[in-house]
Amino acid sequence: MARSTLYQQVASELRRAIYSGDLGPGDQLPTEADLMHSHGVSRNTVRLALGELVNEGLVTRTPRRGTVVRDRRPLLMYPQRELEPQSEGGPREAFAYAVSHEGRLPGQVIEVSIVAPPEDVAIRLELADDGLAVVRKRLRFVDGQPYNTNDSYFPLSLVAGSEIARPGDIMRGANRVLDELGHPQVRIVDDISARMPTPAEAQRLMLEPGTPVVVYIRVGYDPDDLPVRVAVSVLPADKHLIRYELTRR
């Protein structure tokens with residue numbers, strides 16, 4: 001048989017075991033030596049097969065544990081729920097709600113600064129050429145593991161002096177602060193696209209080789225149709241499922 005056929009056969013059998021549940025998240029795959037013996041193939045063939053599974057995001061290879069099955073349980077997100085009222089009357093942040101709703105632990109690291117935003121963000125915020133924005137950059141975690149990034153930009157002229165422009169978390173949420181400033185978001189526009197991550201994104205999110213990301217850009221508008229927030233999220237494609245529910249009026 002051709003070498004390509006052999007390594008694809010080994011990869012196919014391991015893939016089938018993963019999808020069937022015979023090998024679950026965290027389970028260790030047989031060693032290279034065991035796979036060589038059970039399939040009667042060379043070490044190079046085994047490594048090609050394992051490399052294919054790594055590129056598909058099914059397994060990860062670590063120095064001490066060998067090759068283990070990745071936890072592929074995606075986080076189910078309902079973006080339309082972000083502006084729905086909570087029982088206490090405030091808007092809820094979609095990511096934290098989705099994580100908590102699944103019984104998992106959300107977390108985040110926040111950096112706040114005043115910047116000249118990227119051109120595409122400035123255009124969406126309808127800023128002047130020299131316009132500045134407050135950006136709240138968040139690296140978000142699920143059960144202690146980095147899951148996605150979310151950078152929210154606000155016109156400086158709108159939020160200067162508010163909690164949005166100050167460091168630290170806003171327990172009641174930035175959306176509530178916008179409400180209090182007289183700029184509730186009443187219309188949302190979402191743009192969703194996919195690409196490969198930049199090296200910086202791959203390092204920050206600890207992505208496995210070959211993992212694509214979804215770029216999710218949300219623009220919020222107030223009652224005067226003024227854009228008051230642009231949120232740019234980078235979501236590893238193997239960790240997220242975005243679900244929209246639409247109702248006919």
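The values are calculated or read from the model by the stated rules, or taken from the named source; none is laboratory data. Not measured: the values here are computed from a predicted model. In this analysis, Cβ positions are derived from the backbone assuming ideal geometry, glycine residues included, and neighbour counts consider all displayed protein chains.
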_Is it the case, given these coordinates, that Arg136 is basic (Lys, Arg), closer than 24 Å to Thr198 by Cα and without any contact (Cβ under 8 Å) to a residue 40 or more places away in the chain?_
yes
_helices (runs of 4 or more DSSP H) within region 1-106 that include 1 or more residues farther than 30 Å from Met171 by Cα, in contact with a helix residue (DSSP H, G or I) (Cβ under 7 Å, 6 or more places away or on another chain) and at pLDDT 90 or above_ = 3-20, 32-39, 43-55
_Residue under question is Val142, and the condition is that it be at pLDDT 95 or above and surrounded by 17 or more Cβ atoms within 10 Å (Cβ to Cβ); does it hold?_
no
_Against the condition more than 30 Å from Leu207 (Cα to Cα), out of contact with any Phe, Trp or Tyr (no Cβ under 7 Å at 6 or more places or on another chain) and of a type outside the set (Gly, Ala, Ser), how does Arg176 come out, does it pass?_
yes
*Find the helices (runs of 4 or more DSSP H) located wholly in region 127-204 whose residues include 1 or more that are closer than 17 Å to Ser113 by Cα, of a type outside the set (Lys, Arg) and assigned by TED's automatic domain parsing to the domain that holds Ser100, and list them.*
156-159, 174-180
*region 53-69 - residue that is surrounded by fewer than 19 Cβ atoms within 10 Å (Cβ to Cβ) and not β-branched (Val, Ile, Thr) and, of those, nearest to Ile242 (Cα to Cα)*: Glu56
